[in-house]
Amino acid sequence: MAKASKNDYLELRADALSRHESAKKLGITTNSLNSYWLPKWGINSTEAEEVAIARYKESIKAKAEDNQKPTVPVEEVAAETLPATQPDDEPYKPVLNKAEDEAIKWLLEDWSKEALLQQHAATPNGWQRGTQAEAMNGMSVWLLAQALITGYEVELTMEEKLLAAYKAALPYQAPPDVQSAFREGMKKACKITGIKVKWSRN
């Protein structure tokens, strides 16, 4: 079967040739044009063919206009000279919560940093529930990589901050009755604000 081009066909149709005349110019029969080529090009209906012809005419007109546009000389811009060495950025330390911190420390007792990162990358939600490692589920692999490479900061929750302050009692040596009053005051403050903290007896 002879090869016919859609653009060649549209060019002939744009020059007001009929389907029969266009097929003859392309070296194919009118029957093969209607039964094979037009369906292949997606323009077998009269409406689709007219749209394709109109678009073809617009594309030819646009190309002609572009060719007529004067060429604007491009001003040469000196390439920006970068310094031989870039200043070192301050290492970025991600912030993890206390549970994630404890999970990483617990896992590093038996895993190397490389092995831990590879395992998390393979199954980021596969850490066993009910263990300290559970806090790792869903953690970004990139975040873990940053934490293992550059270290990280631990951000305590409000409950954890209150519990730490409760355990520390006062920042200076105070009589037992003063420390007891301080702790009881913290308990009442948490109760009023609705913060639930599991207090330690120590």
Exercise. Residues in the stretch 97-110: is at least one surrounded by 15 or more Cβ atoms within 10 Å (Cβ to Cβ) and without any contact (Cβ under 8 Å) to a residue 12 or more places away in the chain?
Worked result: no
Problem set entry | Residues located in the stretch 168-186, provided they are at pLDDT 70 or above, part of a loop (DSSP other than H, G, I, E, B) and among the small types (Gly, Ala, Ser) | Ala174
Problem set entry | Selection within the stretch 144-155 - among the hydrophobic types (A, V, I, L, M, F, W, C) and over 11 Å from Glu100 (Cα atoms) | Ala145, Leu148, Ile149
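Let's see how each residue does on (1) polar (S, T, N, Q); (2) at pLDDT 80 or above:
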site	(1), (2)
Ala78	no, no
Asn97	yes, yes
Trp111	no, yes
Gln118	yes, yes
Gly126	no, yes
Arg129	no, yes
Met136	no, yes
Leu156	no, no
Exercise. Got a number for residues in the stretch 138-154 being modelled with pLDDT of 80 or more and either of a type in the set (Val, Ile, Thr) or in contact with a Gly (Cβ under 6 Å, 6 or more places away or on another chain) (or both)?
Worked result: 3
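Among the residues of the stretch 22-30, is any surrounded by 12 or more Cβ atoms within 10 Å (Cβ to Cβ), of a type in the set (Lys, Arg), touching a helix residue (DSSP H, G or I) at 6+ places or on another chain (Cβ under 6 Å) and modelled with pLDDT under 95?
yes
The values are calculated or read from the model by the stated rules, or taken from the named source; none is laboratory data. Because the structure is predicted, anything quoted here is derived from the model rather than measured. Positions of Cβ are backbone-derived with ideal geometry, glycine not excepted, and every protein chain shown enters the neighbour counts.
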